[in-house]
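Visitor: Structure in structure tokens, see below.
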There are 2 protein chains.
Amino acid sequence: MNIPYTNLPRLVIIGGGFAGVALARKMVKENVQLVLLDRHNYHTFQPLLYQVSTSSLEPDSIAYPLRKIIKRGKNTYFRMTEVTSIDSNEKKVHTAIGSITYDYLVIATGARTNFFGNETIEKNSMRMKNLPQALNLRSLLLENLEQAVITTDPEKRKELLRFVLAGAGPTGVELAGGIAELQLNVLPRDYPDMDFSEMEIHLIEGADRVLPPMSTNASEKASKFLEKMGVHIHTNTQVTNYESNLVSTNTDLSLKTATFIWSAGVTGAPVKGLNADTIIPRANRYKVNEYNQIEGYNDVYAIGDIALMQTDEYPKGHPMVAQPAIQQGNHLVKNLKRHLKGKPMVPFKYFDKGSMATIGRNKAVVDLGKFRFGGFFAWFVWMFIHLWFLVGFRNRFVTFFNWTYNYINYDKAARLIVRPFKNKEENAIERV
Amino acid sequence: MNIPYTNLPRLVIIGGGFAGVALARKMVKENVQLVLLDRHNYHTFQPLLYQVSTSSLEPDSIAYPLRKIIKRGKNTYFRMTEVTSIDSNEKKVHTAIGSITYDYLVIATGARTNFFGNETIEKNSMRMKNLPQALNLRSLLLENLEQAVITTDPEKRKELLRFVLAGAGPTGVELAGGIAELQLNVLPRDYPDMDFSEMEIHLIEGADRVLPPMSTNASEKASKFLEKMGVHIHTNTQVTNYESNLVSTNTDLSLKTATFIWSAGVTGAPVKGLNADTIIPRANRYKVNEYNQIEGYNDVYAIGDIALMQTDEYPKGHPMVAQPAIQQGNHLVKNLKRHLKGKPMVPFKYFDKGSMATIGRNKAVVDLGKFRFGGFFAWFVWMFIHLWFLVGFRNRFVTFFNWTYNYINYDKAARLIVRPFKNKEENAIERV
């Protein structure tokens with residue numbers, strides 16, 4: 001891997017998501033040789049992926065080169081590669097571009113889409129966990145509209161103009177809202193010869209309400225907003241299959257659609273090689289102690305979505321979202337620094353900053369401890385916080401400009417089919 | 001194609017490049033039914049494609065949705081499709097999505113990369129005539145650097161860090177300058193563990209100077225600028241082959257490289273079906289009269305790169321660049337309006353507004369009639385004019401912001417590998 005040996009202890013971090021980046025950004029200043037590995041050469045701000053899919057933003061607004069994030073350090077190295085396995089006896093990580101030894105290993109590989117073993121759905125559905133997938137989805141949405149406008153077969157047009165999403169967590173809700181925005185404000189001017197009352201958006205959720213991880217207050221408000229925008233919500237319904245453009249469920253509901261998006265769950269993306277019992281079976285996450293050490297190892301850590309730290313408050317681990325990942329990354333900085341100085345580590349404590357979801361123009365819901373609110377102010381808070389957390393002034397500015405422009409002009413400028421969606425198989429390549 | 005018949009005469013335009021868009025934008029207000037056909041759903045500002053390839057801009061800065069351009073008209077239709085042939089007896093255009101009759105047909109299909117019959121080069125080289133190709137090139141450049149940093153084989157590293165361009169017209173010069181900018185200002189900070197003195201850029205040109213269509217003054221200045229930035233220029237040299245990473249030429253020069261970019265020429269992209277003798281053989285362009293009517297037809301026009309209008313001043317036709325295309329599009333608006341009113345058409349006259357090329361930071365050359373200048377002021381003029389000609393306030397603003405940001409920070413923010421370049425074949429799909 002062409003990385004020199006030095007006297008410094010070597011810290012290898014697998015994954016440049018929220019957790020890995022939070023850790024890497026601060027550790028570059030410490031007395032370690034830092035090696036960051038990722039499949040992509042950029043960090044992705046996943047909460048805004050849906051805006052790439054719905055033509056609001058281009059990738060450069062929500063992605064940031066990983067090399068730029070870590071370049072301030074002299075003893076830091078980035079390698080774009082896929083990790084294949086870990087050999088903890090030899091303290092080695094094996095990758096597609098060779099092996100590397102570690103003194104400290106941090107696994108921050110995040111989560112992948114969870115199809116709960118349904119291979120047909122995995123093969124046929126769209127998903128949105130990374131930038132190439134988000135761009136594929138954008139192209140498919142726009143290509144379907146181009147198809148719909150030329151077809152004279154009313155059944156086929158229905159299929160092309162019907163968008164079905166499985167899973168009404170934040171991703172499903174925000175994406176459904178984004179597509180509804182296109183339907184209401186942007187597309188009718190683009191396609192004056194098409195009747196957009198024919199376009200349908202369906203959001204299917206297994207639980208009894210949308211946004212199940214949020215408060216019932218947020219769920220109710222989000223439902224109301226979505227329904228006002230024309231989104232059909234089907235709760236207490238589980239999608240069982242999607243084949244030949246037909247979505248089947250465990251109820252009477254079945255829908256013909258050319259676009260089926262699976263946002264019904266995520267599961268950890270562990271690496272091969274550690275003891276099998278370190279992975280909690282169904283969650284696919286590493287069991288870690290309060291210092292984020294993986295059970296049975298004292299030099300191997302896991303942070304973010306891939307880590308499952310059982311606490312009294314979170315017996316099933318922290319939610320698989322950005323905040324715990326960032327906080328665990330930052331906390332591990334503190335602990336590694338203490339460890340390097342021979343001091344004992346301190347336990348991680350999650351500070352719940354609340355959760356939020358945007359539904360569309362002027363519409364969002366926020367749970368902030370006891371404060372639960374929705375509507376214009378929530379939407380404003382949502383925007384401010386998302387801008388704040390974007391990496392770098394440039395990304396914040398470009399995003400802010402695009403949002404302002406889109407807001408004033410009821411427009412979404414990036415409706416470009418630059419990634420023609422010929423091959424669904426290609427999309428099935430899941431990337432960490 | 002699902003377009004209703006009306007009492008209005010139907011004008012079909014094939015191609016949404018500079019010529020087609022100039023025509024369509026104004027004809028939407030006239031008493032015609034306008035049908036615009038293009039393979040892409042966007043107009044591309046081709047002069048800035050090289051900035052997409054070199055990570056300065058994202059597609060949404062230089063592309064504009066065609067539906068947005070024509071949506072002001074009530075009797076206007078856009079269809080994204082590929083035209084397969086023309087039947088002038090039945091006055092029909094055949095496409096991948098069905099046939100359409102026309103009263104007036106305007107062919108504005110532009111140009112494609114010219115490989116002069118060399119199939120090996122066509123198969124193995126990169127090109128940059130549209131957005132997907134420009135994004136492919138960006139990913140390849142960045143992927144090669146990621147490869148170079150891990151290799152311990154000095155020969156292989158040389159190949160990965162050597163970039164060879166054939167053809168020193170404006171595209172070749174601007175792209176070579178853009179890559180040199182990356183080498184000088186951006187990449188060394190990204191790859192502190194790589195020695196960028198090993199990186200080489202070679203620009204190969206068959207003529208005896210770079211920028212052969214411009215003045216000798218511009219050529220000399222451009223050469224000086226390029227050499228100052230470390231670009232190796234080889235004039236009077238023709239590339240004869242590129243195979244197994246080896247560029248061969250008709251001189252002693254041969255170069256091993258993983259990145260070979262072909263910018264050595266363009267040729268017209270005519271449509272099947274019209275009389276064979278309407279196409280000038282080597283140029284592949286339609287022979288048109290002074291009203292842009294294709295020889296032998298009075299209801300079929302050609303404008304832009306695909307049209308070859310022989311005049312005393314331009315016996316081989318106008319240069320295949322944006323200005324003649326825009327002017328012919330605008331002029332045809334005038335003539336079609338006259339024709340619809342029963343007035344005689346007026347001949348086209350090209351007004352040469354000059355030409356220019358940018359080489360890098362603070363460096364450009366401009367030929368403006370008798371005024372020939374280079375350097376900082378030329379660079380300023382180049383920027384201003386390119387911003388001016390971008391479609392829409394938003395694209396201008398985003399481009400302007402990115403340029404300012406990149407200039408101040410010696411940065412190029414879009415260095416994201418979002419289109420991993422796995423398959424060179426895919427890139428070979430030439431699109432009009």
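The values are calculated or read from the model by the stated rules, or taken from the named source; none is laboratory data. If you're wondering where the values come from, they're calculated on a predicted model, not measured in any experiment. All Cβ positions, even for glycine, are placed from backbone atoms using ideal geometry, and neighbour counts span all protein chains on display. Side chains included, ligands, DNA and RNA excluded: accessible areas come from the protein's heavy atoms. Shrake-Rupley method; radii C 1.70, N 1.55, O 1.52, S 1.80 Å.
Visitor: Mind telling me which of B:ALA148, B:ALA108, B:ALA19 comes out most flexible in a GNM of chain B, alpha-carbon contacts under 10 Å?
Guide: B:ALA148
Visitor: Taking each pair of different alpha-carbon atoms in the protein assembly as shown once, compute 1/r for the pair, average those values, and report the inverse of that mean as the Kirkwood hydrodynamic radius in Å to one decimal.
Guide: Details: mean 1/r = 0.0345 Å⁻¹.
For the protein assembly as shown, the Kirkwood estimate is 29.0 Å.
Visitor: Using 7 Å Cα-to-Cβ label points, what is the A:PHE384/B:THR404 separation (nm, one decimal)?
Guide: The two pseudo-label positions are separated by 2.5 nm.
Visitor: Report Rg(Cα)/(2.2 N^0.38 Å) for region B:290-432, keeping two decimals. Could the numbers behind the result be given before it?
Guide: Details: Rg = 20.0 Å, N = 143, 2.2 N^0.38 = 14.5 Å.
Relative to the rule-of-thumb radius for its length, region B:290-432 sits at 1.38.
Visitor: For label points placed 7 Å from Cα toward Cβ, what is the shortest-first list of nm distances from B:LYS316 to its copies?
Guide: Here B:LYS316 shows inter-copy label distances of 7.2 nm.
Visitor: Calculate the translational D of region B:183-317 in whole µm² s⁻¹ from Stokes-Einstein, where the hydrodynamic radius comes from the Kirkwood formula applied to all Cα pairs, the temperature is 37 °C and the viscosity 0.692 mPa s.
Guide: D = 177 µm²/s.
Visitor: Between region B:239-311 and region B:382-402, how far is it from one alpha carbon centroid to the other, in angstrom?
Guide: 29
Visitor: With a 1.4 Å probe, what is the total accessible area buried between chains A and B, in Å² rounded to the nearest 100? Please report the intermediate quantities before stating the final value.
Guide: On the way: alone 19740 and 19730 Å², together 34660 Å².
For chain A against chain B, roughly 4800 Å² becomes buried.
Visitor: Sticking with this one: Report, largest value first, the span of the C-alpha coordinates of chain A along each principal axis, in whole Å.
Guide: 70, 44, 41
Visitor: Bin width 5 Å, alpha-carbon pairs only: give the P(r) of region B:248-357 as whole percents, running from 0 to the bin holding the largest distance.
Guide: Calculated over all Cα pairs of region B:248-357, the distribution is 2, 10, 19, 19, 15, 11, 8, 6, 4, 3, 1, 1, 0 percent.
Visitor: Under a GNM of chain A (C-alpha, springs under 10 Å), which listed residue has the highest mean-square fluctuation: A:GLU90, A:GLU143, A:GLU220?
Guide: So, out of A:GLU90, A:GLU143, A:GLU220, the one fluctuating most is A:GLU90.
Visitor: Taking each label point as 7 Å beyond Cα in the direction of the beta carbon, state the distances from A:GLY354 to the same residue in the other copies, shortest first, in nm.
Guide: 5.7
Visitor: Once Lys and Arg get +1 and Asp and Glu get -1 on their Cβ, which of A:ASN136, A:TYR242, A:THR259 lies farthest toward the positive end of the dipole of chain A?
Guide: A:ASN136
Visitor: I'm a student and want to see the number: the projected area of the Cα convex hull of region A:79-233, averaged over all directions, in nm². Kindly include the intermediate steps, with their values, before the conclusion.
Guide: On the way: hull surface 53.5 nm².
Its Cα hull, projected and averaged over all orientations, spans 13.4 nm².
Visitor: On to the next question. First compute the accessible area of the protein assembly as shown with a 1.4 Å probe, then give the percent of it belonging to carbon and sulfur atoms.
Guide: Numbers: 17710 of 34660 Å².
So the carbon and sulfur contribution to the accessible surface is 51 percent.
Visitor: Which order do A:MET383, B:MET199 take when ranked by solvent-accessible area (1.4 Å probe, heavy atoms of all protein chains), largest first? It would help to have the intermediate numbers written out before the result.
Guide: Details: A:MET383 40, B:MET199 10 Å².
The residues order as A:MET383, B:MET199, largest area first.
Visitor: What aspartates and glutamates sit close enough to A:LYS74 to cross-link, taking a C-alpha to C-alpha distance under 16 Å and skipping anything fewer than 8 places away on the same chain?
Guide: Partners within reach: A:GLU30, B:ASP190, B:ASP193, B:ASP195.
Visitor: Okay, next question. In the P(r) worked out for region B:300-360, what percent of Cα pairs fall beyond 14 Å? Display every interim value, and only then the final one.
Guide: Numbers: 1102 of 1830 pairs.
Beyond 14 Å sits 60 percent of the P(r) for region B:300-360.
Visitor: How long are the three semi-axes of the equivalent ellipsoid of region A:59-102, in whole Å, if each is the root of 5 times an eigenvalue of the C-alpha gyration tensor, listed from largest down? Present the calculation step by step, with values, prior to reporting the outcome.
Guide: Values: eigenvalues 132, 41, 11 Å².
Semi-axes (√(5λ), whole Å): 26, 14, 7.
Visitor: Another one. For region A:169-224, what ratio Rg/Rh do Cα atoms give with a Kirkwood hydrodynamic radius? Write out the running numbers ahead of the final one.
Guide: On the way: Rg = 13.7 Å, Rh = 12.6 Å.
Using only Cα positions, Rg/Rh for region A:169-224 is 1.08.
Visitor: Name the chain B residue with the Cβ nearest the axis that maps B onto A: which is it, and what is the distance in angstrom?
Guide: Of all Cβ atoms in chain B, the one nearest the axis gives B:GLU58, 2.
Visitor: With contacts defined as alpha carbon pairs under 8 Å and 6 or more residues apart, what's the relative contact order of chain B in percent?
Guide: Values: 881 pairs, mean separation 88.6, N = 432.
So the answer I get is 21 percent.
Visitor: For B:LYS29, B:LYS337, give me the order by solvent-accessible area with a 1.4 Å probe, most accessible first, ignoring ligands, DNA and RNA. The partial results should precede the final answer.
Guide: Details: B:LYS29 155, B:LYS337 70 Å².
The ordering from most to least exposed comes out as B:LYS29, B:LYS337.
Visitor: May I pose another question? Under a crude label model (7 Å from the Cα following the beta-carbon direction), how far is A:ASP352 from B:LEU340 in nanometres?
Guide: Between A:ASP352 and B:LEU340, the simple spin-label model gives 6.5 nm.
Visitor: State log₁₀ I(q)/I(0) for region B:1-80 at q = 0.17 Å⁻¹ as given by the Debye formula over alpha-carbon point scatterers of equal weight, solvent excluded.
Guide: Listed by q, the Debye log ratios stand at -0.65.
Visitor: Sort B:GLU146, A:GLU313 by heavy-atom solvent-accessible area, probe 1.4 angstrom, most to least. Could you put the intermediate results ahead of the total?
Guide: Details: B:GLU146 10, A:GLU313 125 Å².
In descending accessible area the options line up as A:GLU313, B:GLU146.
Visitor: Between A:LEU253 and B:ALA96, take the C-beta separation as r, use R0 = 45 Å, and let me know the FRET efficiency to the nearest 0.05.
Guide: Values: r = 35 Å, r/R0 = 0.78.
Once rounded, the FRET efficiency stands at 0.80.
Visitor: Something else about it: How many angstrom lie between the C-alpha centres of region B:93-122 and region A:129-168?
Guide: Result: 27 Å between the Cα centres.
Visitor: Could I ask something else about it? Considering the alpha-carbon set of region B:340-411 alone, what are its Rg and its Dmax in angstrom?
Guide: Cα-based Rg and Dmax for region B:340-411 come out at 17.1, 58 Å.
Visitor: In Å, the Kirkwood hydrodynamic radius of region B:106-151 over pairs of distinct alpha carbons? Walk me through the numbers on the way to the answer.
Guide: Numbers: mean 1/r = 0.0780 Å⁻¹.
Answer for region B:106-151: a Kirkwood hydrodynamic radius of 12.8 Å.
Visitor: Right, another one. GNM, chain B, Cα, under 10 Å: largest mean-square fluctuation among B:GLY169, B:GLY360, B:GLY342?
Guide: Of the options given, B:GLY342 has the highest mean-square fluctuation.
Visitor: Next question. In vacuum, with every alpha carbon of region A:197-262 counted as one equal point scatterer, what does the Debye formula give for log10 I(q)/I(0) at q = 0.14 Å⁻¹? Two decimals, please.
Guide: Relative scattering, expressed as log10 I(q)/I(0), comes to -0.44.
Visitor: Still on this model: What does the helix-only formula give at 222 nm for chain A: each DSSP H stretch with n ≥ 4 adding -39500 (n - 2.57), the total divided by the residues, and the result rounded to the nearest 500 deg cm²/dmol? Write out the running numbers ahead of the final one.
Guide: Details: 14 runs with 142 residues, N = 432.
Taking each H run of at least 4 residues, the total per residue is -9500 deg cm²/dmol.
Visitor: Need one number: % antiparallel among DSSP beta bridges in chain A, to the nearest 5. Please report the intermediate quantities before stating the final value.
Guide: Numbers: 34 of 69 bridges.
Around 50 percent antiparallel, to the nearest 5.
Visitor: For a quick check of understanding: with a 1.4 angstrom probe and all protein chains in place, what accessible area in square angstrom does A:ARG285 have, to the nearest ten?
Guide: We get 10 Å² for A:ARG285.
Visitor: Next question. A:ARG112: accessible area at probe 1.4 Å, nearest 10 Å²?
Guide: Rounded to the nearest 10, the figure is 80 Å².
Visitor: While we're here: With no solvent and one point per C-alpha, what does the Debye sum give as log10 I(q)/I(0) for region B:56-154 at q = 0.22 Å⁻¹?
Guide: -1.25
Visitor: Follow-up question, since we're still on this one. Rounding to the nearest 20 debye, state how big the charge dipole of region B:218-314 is about its Cα centre with +1 on each Lys and Arg Cβ and -1 on each Asp and Glu Cβ.
Guide: So the dipole magnitude of region B:218-314 works out to roughly 420 debye.
Visitor: Right, here's the next one. Assuming 0.890 mPa s and 25 °C, estimate D for region A:370-418 with Stokes-Einstein, Rh taken as the Kirkwood radius over Cα pairs, in µm²/s. Please list the in-between numbers first.
Guide: On the way: Rh = 12.4 Å.
After rounding, the answer is 197 µm²/s.
Visitor: Just going by the charge dipole of the protein assembly as shown, with Lys and Arg at +1 and Asp and Glu at -1 on Cβ, which of A:ILE14, B:LEU49, B:PHE225 is farthest out on the positive end?
Guide: Farthest towards the positive end: B:PHE225.
Visitor: Probe of 1.4 angstrom, ligands and nucleic acids ignored: what's the accessible area per residue over region A:246-378, in square angstrom?
Guide: Details: 6450 Å² over 133 residues.
Here the per-residue accessible area is 48 Å².
Visitor: So how strong a dipole does chain A carry about its Cα centre when Lys and Arg Cβ are +1 and Asp and Glu Cβ are -1, to the nearest 20 debye? Mind dumping the intermediate values first?
Guide: Numbers: 52 positive and 41 negative charges, 408 e Å.
In debye, rounded to 20, chain A gives about 1960.
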